[in-house]
1. Could you please report the charge total around Q68, scoring K, R as +1 and D, E as -1 over all other residues with beta-carbon less than 14 angstrom from its beta-carbon?
2. Can you compute 3J(HN,Hα) from phi for each residue in segment 36-52, using the Karplus curve 6.51 cos²θ - 1.76 cosθ + 1.60 with θ = phi - 60°, rounded to whole Hz and x for Gly and Pro?
3. What ranking do E50, E57 get, fewest neighbouring Cβ atoms within 10 angstrom at the top?
4. Calculate log10 I(q)/I(0) of segment 29-94 for q = 0.11, 0.13, 0.15 Å⁻¹, where I(q) comes from the Debye formula with a single equal point scatterer on each Cα and nothing for solvent.
5. Once you keep just the Cα pairs under 8 angstrom separated by 6 or more residues, what percentage relative contact order results for segment 29-94?
6. Could you derive backbone 3J(HN,Hα) for segment 82-95 from the dihedral phi with the Karplus parameters 6.51, -1.76 and 1.60 (θ = phi - 60°), listing whole Hz in sequence and x where the residue is Gly or Pro?
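The numbers here are math on the coordinates, done by the rules we state, and not lab data. Please read these numbers as outputs of a predicted model, since none were measured by experiment. Neighbour counts run over all protein chains shown; Cβ positions are idealised from the backbone, glycine included.
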Amino acid sequence: MRALVSATVTALAVTILSAFPASRAQGQPDTPALVRDRCTACHNLNRVRERVGKNNEKDWADYIGRMQKRGARVDDAQKAAMAAYLAALPSGDGL
C-alpha cells in the first residue's frame, strides 16, 4: 500500500511540475512570451522574424540595446535572455 501511495504521489508531482517549464519554476521569465510582449509594444513580429536565423546573440543584444535606448521596457537580464533565445531559433516561424 505504501508503495502504491508513494508511486501515485511521485506521478502526480511529475505531472504537475512538467506543466511548468524549468525556467518559470525557477522564477525566470518565459522568454518567448517576453519577446512577443516587448517587441509588439512598438511593432509587429514580422520585423523580428526577418532577422531570426541571421543574427547571432551579440547582434540581438545590440539590437535590443538600441530598443532600450528608445524606451523599450527591457532590463539587462531580460535583454540577455531574449538575445540568447532569438539567436537559438532556427527560423522566425516559432514566434
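1. Spelling it out: positives minus negatives among the neighbours equals +3.
2. Here the 3J(HN,Hα) series is 4, 5, 6, 6, 7, 5, 10, 8, 7, 6, 4, 4, 6, 4, 4, 9, 5 Hz.
3. E50, E57
4. Treating every Cα as an identical point scatterer, log10 I(q)/I(0) equals -0.20, -0.28, -0.38.
5. Value for segment 29-94: 49 percent.
6. 5, 5, 5, 4, 5, 5, 7, 6, x, 7, x, 4, x, 7
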